[in-house]
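Presented below is the structure to which this report refers.
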Amino acid sequence: MSASFNAEEILSATTHSVLESGSINGQAGRIACELEDVNRGDWFIALPTDFYDPHNHLRIALERGARGLIVEQNRAIMGTGNCPIISVPDTRAALLELVRDWLHLVRPAVVGVTGTSGRRATMLLLNQLVRERYKTHLAFMRDLNWAGCAREVLTMPVDTQLLIFEAGSVERGDIARIGKILQPDLAVLTSIRHPIPSPERDFLKANMYCELLETLRSEPKQRLAAVIFDQSQAVQRRTDEVLTGFASKRFSRGEASIAHRIPEHSIATLNDALSELGITASRADFWCAVEAARALGISTAELETLFELETINDVPAR
């Protein structure tokens with residue numbers, strides 16, 4: 001079962017929400033964020049963008065069988081009959097509140113993956129490495145939009161043990177917005193670089209993507225909290241500033257990693273499989289996935305078996 005809410009639960013989860021019409025009684029339905037995704041029994045939440053406002057097309061949601069509508073306050077909603085309508089100050093904020101509510105119910109361990117490249121390759125590799133240990137759910141973005149990741153979290157089954165989410169960014173604050181809701185237990189930073197590098201551009205990119213580190217669960221613990229491919233000096237400096245009190249695995253420290261022992265033919269074989277998804281994994285992505293798997297309790301011996309490597313003594317991640 002994935003996320004579903006009745007009117008009372010939506011009102012409880014969202015701030016300053018009001019039942020404008022219809023009854024609070026009724027069955028639960030899933031949350032649909034796109035008009036074309038609405039199925040009978042769903043709640044449709046209208047998420048306006050700079051280019052399109054679904055508030056102008058709510059009749060389509062009703063024609064497709066929507067159970068109810070979640071809309072922004074002070075919008076003139078006409079011709080909806082007795083359909084339950086819940087108004088909120090900001091539907092994008094309400095979507096995040098519903099995501100947080102579902103996350104609190106499921107209570108999985110949470111891994112956030114960010115970077116300018118290699119995010120999805122790292123997520124897919126990590127999923128392969130841990131799937132025998134955890135029931136996982138991957139939440140990818142759509143069009144670099146954090147709302148797409150939020151929608152994917154709402155499809156997370158109730159028995160999920162590990163949520164792995166993608167955090168990309170168009171502007172400063174995008175990663176913080178989704179990260180503050182999901183509060184990762186482990187942050188994974190893949191390669192971070194500007195396509196036209198300069199000290200100023202690298203600094204801006206580092207600040208943007210290191211936002212994920214600022215959203216880690218607040219209590220520092222002895223467990224590893226971050227895996228960071230920090231070849232960039234700007235990322236190294238920003239990590240030093242942000243990650244006080246948390247243990248981390250950082251590529252720049254030059255520590256031994258099983259990822260360095262993976263032969264080229266193994267990488268080529270895995271990339272053949274990933275190519276069907278239009279994805280190619282680099283050695284940096286393998287390093288991130290392997291070290292994240294170790295942080296999640298996968299032993300060196302287990303990883304050696306998976307990659308068919310010669311066995312060495314295990315050194316647990318710290």
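The values are calculated or read from the model by the stated rules, or taken from the named source; none is laboratory data. Owing to the predicted nature of the structure, the values given are computational and were not obtained by experimental measurement. Methodologically, a virtual Cβ is constructed for each residue, glycine included, from the backbone with ideal geometry; neighbour enumeration extends over all protein chains shown.
Taking the stated definitions as given, is GLU8 of a type in the set (D, E, K, R), surrounded by 12 or more Cβ atoms within 10 Å (Cβ to Cβ) and without any contact (Cβ under 8 Å) to a residue 40 or more places away in the chain? Let's see the steps before the verdict.
On the way: of a type in the set (D, E, K, R): yes; surrounded by 12 or more Cβ atoms within 10 Å (Cβ to Cβ): yes; without any contact (Cβ under 8 Å) to a residue 40 or more places away in the chain: yes.
So GLU8 fits the description; yes.
Filtering segment 128-163 down to residues that are of a type in the set (Gly, Ala, Ser) and crowded, with 23+ Cβ neighbours inside 10 Å, which residue is nearest to PHE307 (Cα to Cα)? Reasoning before the result, please.
At the first step, the residues of segment 128-163 found to be of a type in the set (Gly, Ala, Ser) are 139, 147-148, 150.
In the following step, the residues that additionally are crowded, with 23+ Cβ neighbours inside 10 Å were identified as 139, 150.
Details: ALA139: 25, ALA150: 33 Å.
In this case the residue turns out to be ALA139.
From the list LEU98, LEU125, which one is crowded, with 20+ Cβ neighbours inside 10 Å and in the same structural domain as ARG283 (by TED's automatic domain parsing)? Don't jump to the end; show me each part of the working.
Values: LEU98 fails: in the same structural domain as ARG283 (by TED's automatic domain parsing).
Being crowded, with 20+ Cβ neighbours inside 10 Å and in the same structural domain as ARG283 (by TED's automatic domain parsing) holds for just one of LEU98, LEU125, which is LEU125.
Just a yes or no: is a residue in segment 247-264 in a helix (DSSP H, G or I), surrounded by 14 or more Cβ atoms within 10 Å (Cβ to Cβ), touching a residue at least 60 places away in the same chain (Cβ under 8 Å) and in contact with a helix residue (DSSP H, G or I) (Cβ under 8 Å, 6 or more places away or on another chain)?
Within segment 247-264, the subset in a helix (DSSP H, G or I) is 251-253, 258-261, 264.
Then drop every residue that is not surrounded by 14 or more Cβ atoms within 10 Å (Cβ to Cβ), which leaves 251-252, 258-259, 261.
Going one step further and asking which of them are touching a residue at least 60 places away in the same chain (Cβ under 8 Å), we end up with none.
Checked against the condition, which is being in a helix (DSSP H, G or I), surrounded by 14 or more Cβ atoms within 10 Å (Cβ to Cβ), touching a residue at least 60 places away in the same chain (Cβ under 8 Å) and in contact with a helix residue (DSSP H, G or I) (Cβ under 8 Å, 6 or more places away or on another chain), segment 247-264 yields no hits at all.
Only residues in segment 140-154 that are modelled with pLDDT under 95 count as the first member; pair them with residues that are crowded, with 19+ Cβ neighbours inside 10 Å and hydroxyl-bearing (Ser, Thr, Tyr), Cβ under 8 angstrom, at least 6 apart or cross-chain, and list the lot.
So the pair list comes out as LEU144/SER169.
Please go through segment 210-238 and pick out each residue that is buried (at least 22 other Cβ atoms within 10 Å of the Cβ) and part of a helix (DSSP H, G or I).
Of everything in segment 210-238, those that are buried (at least 22 other Cβ atoms within 10 Å of the Cβ) and part of a helix (DSSP H, G or I) turn out to be CYS210, GLU211, LEU212, LEU213, ALA234, VAL235, ARG238.
Quick one: count up the residues across segment 20-33 that are in contact with a helix residue (DSSP H, G or I) (Cβ under 8 Å, 6 or more places away or on another chain), under 19 Å from TRP102 (Cβ atoms) and either among the aliphatic types (A, V, I, L, M) or at pLDDT 90 or above (or both). Spell out how you get there, then give the answer.
Let us first name the residues in segment 20-33 that are in contact with a helix residue (DSSP H, G or I) (Cβ under 8 Å, 6 or more places away or on another chain), namely 22-26, 28, 31-33.
Next, from what is left, pick out any that are under 19 Å from TRP102 (Cβ atoms): 26, 28, 31-33.
Filter once more, keeping what is either among the aliphatic types (A, V, I, L, M) or at pLDDT 90 or above (or both): 28, 31-33.
Count: 4.
Name every residue in segment 30-87 that is in contact (Cβ under 8 Å) with a residue 60 or more places away in the chain, crowded, with 19+ Cβ neighbours inside 10 Å and under 22 Å from THR155 (Cα atoms), in order of residue number.
ILE31, CYS33, LEU47, GLY68, ILE70, ILE86
Across segment 188-209, what is the number of residues that are among the β-branched types (Val, Ile, Thr), surrounded by 17 or more Cβ atoms within 10 Å (Cβ to Cβ) and more than 22 Å from TRP146 (Cβ to Cβ)?
Quick first cut of segment 188-209, residues among the β-branched types (Val, Ile, Thr) only: 188, 190, 192, 196.
Within this subset, residues satisfying the condition of being surrounded by 17 or more Cβ atoms within 10 Å (Cβ to Cβ) are 188, 190, 192.
If we keep only those that are more than 22 Å from TRP146 (Cβ to Cβ) too, we end up with none.
So the count comes out to 0.
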